[in-house]
Each structure stands twice: as structure tokens, then as C-alpha cells.
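Have a look at the structure below before the remarks.
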Amino acid sequence: MKKSISIIAVVLLAALAVAQGPAGNKGTSVKNVQKLGKAPINNQPLQITLPKPVQKKLPNGLTVLILERHKLPTINMTLWVKSGALDDPKDMPGLASFTADMLREGTTKRTSEQIATEVDSLGATLGASADFGQSYSVVNASGLVASADKLMDLVADVVINPSFPADELTKYKVRKAAEVEDQHSRPDFLAQEKLMKVLYGDFPASVVSPTEASINATTSDVLKKFHDANYVPNNAILAIAGDFTAADAEAMVTKYFGGWQKRVVQKPALPPVPPAAARKVYMVNRPGSVQANLFFGGLTMKRTDPEFPSLAVTNRIFGGGAASRLFIDLREEKSLTYGAYSFTRTEIYPGPIVGFTQVRNAVTDEAMKALMDNVQRIDTEPVKDDEMNDAKHAIVGSFALTLEQPQTLLNLALTQTYYGLPPTYWDDYPKLIAAVTPDMVQKSAQKYLNPDHLQFVCVTDATAAGNAEKQAVKDLLGKYGPVDYSEATKPPAPGGTK
């Protein structure tokens with residue numbers, strides 16, 4: 001017993017030492033660590049041929065992708081409706097999201113409780129979403145192939161026949177208002193919200209949250225109008241994978257989705273994405289904050305851009321993981337934070353590249369300098385071969401590890417179809433990544449991580465000391481660009497939502 005307790009104590013002490021992270025003794029710098037290079041790494045590009053779905057189009061215009069997967073007795077279904085948050089009316093941010101969320105809350109045939117009970121009894125999953133910044137809405141379902149007929153009946157019902165019952169909508173609006181209030185209490189959300197507004201201006205991708213007004217204005221009729229205008233078969237792609245034949249799957253889809261009525265979809269043209277602006281720093285004052293949330297970013301490319309692989313490798317090297325430059329420099333070398341990362345998102349419009357970290361107010365100046373130094377470095381210094389190879393192996397390795405998952409294969413097929421990528425795009429993807437050179441990475445960085453056009457956001461207490469000289473954060477930010485000052489705002493409490 002005493003021995004077990006001792007072992008547990010040792011483990012807890014070790015965990016505590018790790019948890020202390022940057023605050024603990026750093027020991028030897030990671031820059032002094034030698035890589036022996038003895039791991040058995042195959043430098044040949046991954047050779048794959050992914051299973052290709054059978055593509056059909058029903059008379060009502062529904063595109064169907066059918067992928068036979070006989071390893072497990074399961075079925076996965078994903079429907080992409082080619083309308084999403086980008087199609088929200090300007091005065092109703094969140095309408096696409098509200099519509100997707102409410103699909104499960106009742107149909108002309110089933111109540112919300114009946115849908116939930118049926119999903120549970122089938123041992124299945126069923127969900128829907130329309131994320132901000134996306135041009136499409138998603139419905140996902142999975143279950144055992146033995147109950148595929150019942151599951152598809154249920155999916156078709158919530159997609160085609162939602163009733164948006166008033167009583168369920170009332171409860172949903174209360175939950176959504178509380179969610180929005182919680183979002184606006186978090187500094188990371190405030191930073192992201194400000195950055196997207198700065199980057200996109202009046203373009204719909206600038207919106208990352210509903211408003212109290214849009215929640216209040218949502219009614220069953222409003223949801224039904226949006227649904228009827230956009231949830232139509234000729235505006236959708238249905239992908240299914242599972243232990244069945246293509247013929248059986250097509251017959252089942254026709255049975256449940258064949259009666260879905262085709263309609264003309266009228267979508268207003270998107271406004272232009274604003275051009276890159278000169279660098280600026282946006283200070284969002286949040287009194288009482290003891291740490292600074294630092295976000296920065298710029299615009300990149302559409303998903304169909306042939307330079308996408310170069311951007312993927314550039315992001316991986318810059319901030320796309322725990323082996324990236326941002327993470328190693330700000331956490332491991334300088335002990336400024338528990339993590340610093342970057343990510344990219346590409347769509348039918350030029351998506352963003354975003355870097356972010358959170359630091360103590362006292363090291364805001366040092367962190368800002370480190371971020372700028374890393375931007376300058378990737379723009380001006382060619383990436384060394386070992387760093388290039390590590391990044392490319394990581395991307396291809398992560399890609400390969402997901403290919404056994406039916407949902408991944410469906411998402412890849414949907415992406416290829418939706419964006420009109422070549423049929424062999426995913427077969428060639430490892431070779432495209434392998435072909436990226438240090439020169440391509442540098443050009444990508446100079447184009448999309450241009451320090452003259454990156455926008456920076458700092459959310460913290462403007463009066464807090466941001467460096468060793470006790471200078472206020474608001475004052476020291478001026479050395480990194482013109483400063484735009486604003487106060488953090490919070491929406492009214494959810495109790496005021498009608």
C-alpha cells in the first residue's frame with residue numbers, strides 16, 4: 001500500500017513539474033539539443049490511391065457520393081447544404097446556425113423528444129451545424145448498418161421536414177443568448193472577433209457571433225423561410241460510406257430523398273473581400289485582465305488555389321503545432337507562455353492565417369517582439385532542409401493516419417466535389433506536399449505573413465504594466481504600429497432576450 005502511495009506521489013510530482021511549464025527551470029535550451037537523425041524515416045513521398053466514391057445525381061438534383069467500406073458494419077452520412085453563415089442576412093447574423101441547430105428539435109412527423117429517443121435507441125449520432133465563416137451547412141449521422149434504413153429515414157425527415165416548434169425555439173434562444181454572453185466574457189473570443197472584423201470589413205466572414213437583436217428577431221417563420229430557400233436537393237451534396245453495395249445505397253437514398261422537392265436557389269452575390277491594409281495594432285481594453293491575449297493575422301487564398309500545399313507547409317513550420325517556431329521560441333526558449341500557435345482556413349473566399357498566444361501582462365512587450373521577430377525570420381531566412389522535412393513528414397503522417405476513418409474519407413470526397421478539385425487530388429496530396437521547397441515556403445510567407453500588412457490585436461487591461469519598466473500596455477504597443485483603442489463590450493444578460 002505504502003509502495004503504491006509512493007509511486008502515485010512521484011507521478012504527481014512529475015506531473016506538477018510538467019504543468020509548471022514556462023515557470024519552471026528550463027535547463028538546456030532546445031537550440032542546443034542535437035538531433036541524431038537515427039529514426040527510420042522513409043523520405044519517399046507517400047503513395048496512395050484512395051477509394052473513389054460512386055457519384056450519382058438524383059432527378060431532383062441531389063448529388064450523391066457513395067463509398068463502399070466493408071471493414072465495419074457501420075454507416076456514416078454527411079450532407080453539405082451549399083448555403084451557410086455567409087448567406088446570413090446582414091441584420092440576422094447567426095440565422096444559418098440557428099436553422100441548423102433547430103433541425104433536431106421537431107419535424108412535421110416527430111417531436112424533439114421522439115427524435116432524441118429514436119437516435120438513442122438506434123445507438124446512432126445525429127447533428128447539424130453552420131459555422132461562422134463557412135459557405136455551407138453540415139448534417140452528420142452515423143450508426144450501425146443494420147439500422148441504416150431507419151437512420152436514413154430520420155435524417156431525411158429532419159433535413160426536409162423541420163417544423164421549428166415555437167416552444168423548442170424559445171428554450172433554444174435562451175440557451176443561445178447565454179452562450180453569446182459567455183463568449184463575450186472571454187478575452188480570446190474578443191480578440192478573434194476584433195481580428196476578423198479588421199481583416200474582412202463588410203464581408204460576411206467578419207461576423208463570428210450572433211447578436212442579441214438577431215436572437216430576439218428569430219421566429220419559427222424566419223427559420224422556415226431560410227430553410228425552404230436553401231435546404232433544397234439541387235443545393236446539396238450527400239455522401240455516405242458503409243458496409244453496403246453502391247446499388248443498395250442508391251436505392252435507399254432514392255427512397256428517402258427522392259421526393260425532396262427541387263427549387264431555384266437565389267443567392268445574392270458576395271461583396272468583395274477588402275484589400276490588405278497597412279499594419280495596425282488594435283488595443284481592446286478589458287479592465288482587470290491579468291494576461292494579454294495576442295492575435296495577429298492576414299488574408300491568404302481560396303481553397304482552390306494551387307499554392308495551397310505551400311501555405312500548409314509554411315503554417316506548419318511557423319505555428320502549426322508544438323514543434324513549430326512560435327511554440328518553441330515563445331514557450332521553450334523564452335518561457336513567455338504555455339503555447340503559441342497559428343492556423344489557416346481556406347474557403348470559397350480568401351481565408352485568414354491567424355497566430356495567437358496568451359502571456360502575462362508583464363511580458364506583453366517581449367511577446368510582441370518575439371512574434372514580430374518570427375514573422376521577419378520566416379520572411380527573410382530560407383528554411384533549412386531538416387525543418388522542411390520534419391514539417392512535410394508531420395503533415396503527410398497526420399493525413400495518412402486519418403484515412404482509415406470513414407468520416408475522413410467522406411469529408412475528403414465532399415471537399416473535392418464541392419470545390420471542384422481534380423478527381424485524384426487527394427491521391428496526389430502527399431506528393432504535392434513533398435514537392436514544396438524552401439523557396440516556395442519563403443515566397444508564401446512573404447505573401448501571406450507580410451509584416452507590413454499583418455493586423456495585431458491585444459486584449460487586456462490597457463493600464464497594466466506590459467514590461468519591466470512598468471510601462472502601460474496601451475503605450476508600449478505604439479512601437480509595433482499605429483494603435484486603435486477600444487473598450488471591450490459585453491452583450492446584455494440573457495434574461496433580457498425575448
Fill in: Within the range 138-162, considering residues that are touching a residue at least 60 places away in the same chain (Cβ under 8 Å) and not aliphatic (A, V, I, L, M), the one surrounded by the fewest Cβ atoms within 10 Å (Cβ to Cβ)
Asp149
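One line per residue, one yes/no per condition, for (1) crowded, with 17+ Cβ neighbours inside 10 Å; (2) under 30 Å from Tyr419 (Cα atoms):
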site: Lys334; (1), (2): yes, no
site: Arg345; (1), (2): no, yes
site: Tyr349; (1), (2): yes, yes
site: Val354; (1), (2): yes, yes
site: Arg377; (1), (2): no, no
site: Thr380; (1), (2): no, no
Response to the item:
Heads up, the strands (runs of 3 or more DSSP E) in the range 211-321 (entirely inside) with at least 2 residues that are within 30 Å of Thr337 (Cα to Cα) are 280-285, 291-299
Worksheet item: Across the range 249-276, which residue is farthest from Pro204 (Cα to Cα) among those that are under 26 Å from the mean Cα position of the chain (by Cα) and surrounded by 14 or more Cβ atoms within 10 Å (Cβ to Cβ)?
Response: Ala276
Discussion item. Tell me yes or no: at least one residue of the range 457-472 is under 26 Å from the mean Cα position of the chain (by Cα), under 29 Å from Glu381 (Cβ atoms) and not polar (S, T, N, Q).
Written reply: yes
Practice prompt. Kindly indicate which of Thr74, Thr111, Thr107 is within 27 Å of the chain's Cα centre (by Cα) and either among the acidic types (Asp, Glu) or at pLDDT 95 or above (or both).
Written response: Thr74
Worksheet item: Can you tell which of Leu46, Leu79, Leu58 is closer than 14 Å to Val139 by Cβ, in contact with a helix residue (DSSP H, G or I) (Cβ under 7 Å, 6 or more places away or on another chain) and not basic (Lys, Arg)?
Response: Leu79
Worksheet item: Of the numbered conditions (1) touching a strand residue (DSSP E or B) at 6+ places or on another chain (Cβ under 9 Å); (2) of a type in the set (A, V, I, L, M, F, W, C); (3) surrounded by 17 or more Cβ atoms within 10 Å (Cβ to Cβ), Ala246 satisfies every one except a single condition; which is it?
Response: (3)
Worksheet item: Just for the range 297-321: of the residues that are touching a residue at least 40 places away in the same chain (Cβ under 8 Å) and of a type in the set (S, T, N, Q), which one is nearest to Ala370 (Cα to Cα)?
Response: Thr314
Worksheet item: When the range 261-317 is examined, which residues are found to be more than 27 Å from Ser135 (Cα to Cα), among the small types (Gly, Ala, Ser) and out of contact with any Cys (no Cβ under 9 Å at 6 or more places or on another chain)?
Response: Ala278, Gly288, Ser289
Item to complete: Name the single residue, out of those in the range 182-225 being without any contact (Cβ under 8 Å) to a residue 60 or more places away in the chain, among the hydroxyl-bearing types (Ser, Thr, Tyr) and over 25 Å from Ala269 (Cβ atoms), that is surrounded by the most Cβ atoms within 10 Å (Cβ to Cβ).
Response: Ser220
Worksheet item: Hey, Asp188 hits all of (1) under 30 Å from Leu454 (Cα atoms); (2) in a loop (DSSP other than H, G, I, E, B) but one; which does it fall short on?
Response: (2)
Practice prompt. For Ser142, indicate whether it is among the small types (Gly, Ala, Ser), assigned to a helix (DSSP H, G or I) and more than 19 Å from the chain's Cα centre (by Cα).
Written response: no
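The values are calculated or read from the model by the stated rules, or taken from the named source; none is laboratory data. This structure is a prediction, so every number in the text was calculated from the model and none was measured. With ideal geometry, Cβ positions are generated from the backbone for all residues, glycine too; neighbour counts draw on all protein chains shown.
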